[in-house]
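The values are calculated or read from the model by the stated rules, or taken from the named source; none is laboratory data. All values reported here derive from a predicted model rather than from experimental measurement. Cβ placement follows ideal geometry from the backbone for every residue including glycine, while neighbour counts extend to all protein chains displayed. We work out accessible area using only protein heavy atoms, side chains counted, and drop any ligands, DNA or RNA first. Shrake-Rupley method; radii C 1.70, N 1.55, O 1.52, S 1.80 Å.
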Amino acid sequence: MTDLADPIKENVSRSPMREAWHMFRKNIPAMFGLILMIAILGMTLYGTLLFQGDPYEIVWAPHEPPGMTPEFPLGTDYLGRDIVAGLLSGGGPTLTVGASAAAITMVIGLLLGATAGYFGGWVDNLLMRVTEFFQVLPALLFAMVLVTLFTPSLFVIALAIGVVSWPQTARLTRAEFLKIKELEYITAARASGTPTWRIMWRFILPNAAPPLIVSATLTVGVAILFEAGLSFLGLGDPNVMSWGLMIGANREYILDAWWPVTIPGLMIFLTVFSVSLIGDGLNDAFNPRLRQR
Amino acid sequence: MNASYVIRRLIYGFLLMLGVVVLNFLLIRLAPGDPAVVIAGEMGGATEEMLESIREAYGLNKPVLTQLWIYISSVAQFDLGESFFFNQPVASLIGDRIWPTILLVITAQLLSIVLGVLMGAIAARKPHGPLSALVSVLSTIGYAVPVFWTGIMLIILFASWLPWFPVEGMQSVKLRNADWWTQTKDIAHHLVLPAFTLAIIYLAQYARLTRASMLDALSADYIRTARAKGLNERIVVFSHALRNALLPILTVAGLQFGNLISGALLVETVFNWPGMGRLAFDSILRRDYPTIMGVLFFASLMVVVANLITDFSYRFADPRLKDET
């Protein structure tokens, strides 16, 4: 009988966030993604402390294959730089830019989307035209132009990625706000004289949170790929090693040595893959009924 | 689809392009430094006469609004300025490079839609079957792989192990003067790897979307009716359900076009494909701003045109929308 009683009790007593975590924890791919993400974060945060090596320093003969020299387990690149050192110190910038670009994307998207959705009318109309305008610009090209016009520091790169990626978040936020603002409790809040910003911030946003959290997670993945693409093209900060830069620098020599390009690419893939698994898991956790799909 | 709707969409597309031109104008002015020097680019120090002629051509000594007007009216005549690096008018430079990009993008788009829809439709027939699982695994992987890296991996694979496809450029040098049929075959041969690289990401997305959309369509009443009257299952799936399930695909395909162009930029660089992406890359390395701005203009124009086509074909495909204005 306890089997029957438990789920009911769980559904009643848990807050929505705890309920989602409960669902998430039982989702094997999602937990795998979370563990993978923690491992990658740990590696980039603590790896540089344990393993001190300058990624720019030439330490060995060029194109040493992986597994041949114990000191350089993943081999060396075309100049004879240690790949492990590159991976460890390149992860930080990639992840930092990815996360801060996603944060910028979310801030712009939330502000514009919430304003458009809540106020409607000409404000909505104007903001949606602006959104459509930004969707017409090919994002990577526009980011390339921004990074070239201004000095390519990590901040400018994150800003450029944020400026080109917000339209989707804005549309999603707008749709959620449009839906929620019609609900009765919002009318009640308005009738009781609650200030507008408080209705938007405290009453609507928390209820719009689940899809936005999922979208924010996936945005991190897209931003990481964006950063990798820019650094691959050589438009990243030239003084900072990153995974995309490693691929870009070694790509001329791929037919002589596959590892300096393949390994950093795998790291990018694993990072974005873990983000995507987490995002899918959150989506399932917030919408348990859609899981069958 | 009535005429006033078409005209309204066309005007709207035109306004979007006007926005792009204004943005281009603002970007050059916002860049740190003298705009004339910015436009001249990294030429190892442009001469004073050269800067003077740029100032003359762009009206840089005049008030800002006049400058904007000069810029807009020259773009309206497809005069995008002179590339100081390539020593050519930007418009003709892009005119040479735009067709390879259009060829690559459209091939990749068709490849991903056709294969993706086919995969998704077959997967939807068994929602918990192995193909369904494959579709969701592939779409997660497709989302996570950097497109330029896929391209490089394919180059390694096909250059050294399976020399079936050329891995660089668009045409073989020795076939430049062959008859058109040999040349067409040669270009198609070169197109395989870049188009496939670009298609891979979107293929899985279309498969996943088609599968979800097909599951919706297959549970509709008219499908039960079709089955009840004894129609062949293949006809039910492919001609009754798929037709309705395709509408969301069309919407996404239109929205994806901008991303596809961004992807093409990277793929062209990897495969040395002589298109606009490659041109953008080269001109950015040389800080050749007139060319960069020209590429931004034409790439946006491609997206606007693609959106218009999607809009119109959507109305064509969904008769319910035909009479709406």
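Go through (1) open to solvent by 50 Å² or more (accessible area, probe 1.4 Å); (2) over 23 Å from A:ALA160 (Cβ atoms); (3) at pLDDT 85 or above and name the single condition A:PRO73 misses.
(3)
With A:MET246, A:MET267 as the choices, which residue is assigned to a helix (DSSP H, G or I) and farther than 30 Å from A:ILE28 by Cβ?
A:MET246
Per-residue answers, yes or no, for (1) in contact (Cβ under 8 Å) with a residue 12 or more places away in the chain; (2) more than 14 Å from every other protein chain (Cβ to nearest Cβ); (3) open to solvent by 40 Å² or more (accessible area, probe 1.4 Å):
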position	(1), (2), (3)
A:ALA143	yes, no, no
A:ALA158	yes, yes, no
A:ILE161	yes, no, no
A:GLN168	yes, no, yes
A:PHE177	yes, yes, no
A:ARG190	no, yes, yes
A:ALA209	no, yes, no
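I want to confirm something. Restricting to the range B:138-155 and keeping residues that are closer than 12 Å to B:VAL270 by Cα and open to solvent by 20 Å² or more (accessible area, probe 1.4 Å), which single residue is nearest to the other protein chains (Cβ to nearest Cβ)?
B:TRP149
Checking A:THR96 against (1) under 17 Å from A:ILE278 (Cβ atoms); (2) open to solvent by 20 Å² or more (accessible area, probe 1.4 Å); (3) among the β-branched types (Val, Ile, Thr): exactly one of these is not met. Which one?
Answer for A:THR96: the failing condition is (1).
Could you check, for the range B:304-320, whether at least one of its residues is at pLDDT 90 or above, closer than 22 Å to B:ARG9 by Cα and facing chain A (nearest Cβ under 9 Å)?
Checked against the condition, which is being at pLDDT 90 or above, closer than 22 Å to B:ARG9 by Cα and facing chain A (nearest Cβ under 9 Å), the range B:304-320 yields at least one hit.
Any idea which residue in the range A:245-256 is modelled with the lowest pLDDT, counting only those that are open to solvent by less than 50 Å² (accessible area, probe 1.4 Å) and more than 10 Å from chain B (Cβ to nearest Cβ)?
A:ALA249
Just the residues that are out of contact with any Leu (no Cβ under 8 Å at 6 or more places or on another chain) and open to solvent by less than 30 Å² (accessible area, probe 1.4 Å), please, taken from the range B:61-77.
Within the range B:61-77, just B:VAL75 meets the criteria.
Has the range B:147-160 got at least one residue that is modelled with pLDDT of 85 or more, within 24 Å of B:THR251 (Cα to Cα) and under 28 Å from the mean Cα position of the chain (by Cα)?
yes
If a residue must be surrounded by fewer than 17 Cβ atoms within 10 Å (Cβ to Cβ) and either not aromatic (Phe, Trp, Tyr) or not in a helix (DSSP H, G or I) (or both), how many such residues does the range B:232-249 contain?
Looking only at that region, the number is 8.
Would you pick out the residues in the range B:83-96 that are open to solvent by less than 50 Å² (accessible area, probe 1.4 Å) and touching a residue at least 40 places away in the same chain (Cβ under 8 Å)?
If the condition is that a residue be open to solvent by less than 50 Å² (accessible area, probe 1.4 Å) and touching a residue at least 40 places away in the same chain (Cβ under 8 Å), then B:SER83, B:VAL90, B:ALA91, B:LEU93, B:ILE94 are the ones that fit.
Tally the residues that are within 8 Å of chain A (Cβ to nearest Cβ), open to solvent by less than 10 Å² (accessible area, probe 1.4 Å) and in contact with an Asp or Glu (Cβ under 9 Å, 6 or more places away or on another chain), restricting the search to the range B:278-293.
Of the residues in that region, 1 qualify.
Looking at A:VAL240 and the list (1) farther than 30 Å from A:TRP21 by Cα; (2) free of Cβ contacts under 8 Å to residues at least 40 places away in the same chain; (3) not acidic (Asp, Glu), which single condition is not satisfied?
(2)
Check the range B:72-83 and report whether any residue there is assigned to a loop (DSSP other than H, G, I, E, B), within 14 Å of chain A (Cβ to nearest Cβ), more than 30 Å from A:LEU127 (Cα to Cα) and within 27 Å of the chain's Cα centre (by Cα).
So far as the range B:72-83 goes, no, none of its residues is assigned to a loop (DSSP other than H, G, I, E, B), within 14 Å of chain A (Cβ to nearest Cβ), more than 30 Å from A:LEU127 (Cα to Cα) and within 27 Å of the chain's Cα centre (by Cα).
Determine whether A:ALA223 is out of contact with any Ser or Thr (no Cβ under 6 Å at 6 or more places or on another chain), within 16 Å of A:SER100 (Cβ to Cβ) and either of a type in the set (A, V, I, L, M) or at the interface with chain B (Cβ under 10 Å from one of its Cβ atoms) (or both).
So A:ALA223 fits the description; yes.
For the range B:294-319, how many residues are over 27 Å from B:LEU246 (Cβ atoms) and not in a helix (DSSP H, G or I)?
So the count comes out to 0.
Residue-wise test of (1) within 28 Å of A:TRP201 (Cβ to Cβ); (2) modelled with pLDDT under 80.
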| position | (1), (2) |
| --- | --- |
| A:ALA30 | no, no |
| A:LEU41 | no, no |
| A:TYR78 | no, yes |
| A:GLY98 | yes, no |
| A:ALA103 | yes, no |
| A:GLY109 | yes, no |
| A:GLY117 | yes, no |
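Just one of (1) within 28 Å of B:PHE78 (Cα to Cα); (2) open to solvent by 50 Å² or more (accessible area, probe 1.4 Å); (3) touching a residue at least 12 places away in the same chain (Cβ under 8 Å); (4) more than 12 Å from the chain's Cα centre (by Cα) trips up B:PHE316, so point out which.
(1)
Could you list all residues from the range B:246-274 that are under 18 Å from B:ARG315 (Cβ atoms) and more than 11 Å from chain A (Cβ to nearest Cβ)?
If the condition is that a residue be under 18 Å from B:ARG315 (Cβ atoms) and more than 11 Å from chain A (Cβ to nearest Cβ), then B:LEU246, B:LEU247, B:PRO248, B:ILE249, B:LEU250, B:THR251, B:VAL252, B:ALA253 are the ones that fit.
Is it the case that B:ARG208 is in contact with a helix residue (DSSP H, G or I) (Cβ under 7 Å, 6 or more places away or on another chain), within 11 Å of chain A (Cβ to nearest Cβ), outside any helix (DSSP H, G or I) and not aliphatic (A, V, I, L, M)?
So B:ARG208 does not fit the description; no.
With the requirement that a residue be in a loop (DSSP other than H, G, I, E, B) and surrounded by fewer than 20 Cβ atoms within 10 Å (Cβ to Cβ), what does the range A:145-156 give you?
Listed by number, the residues that qualify are A:PHE150, A:THR151, A:SER153.
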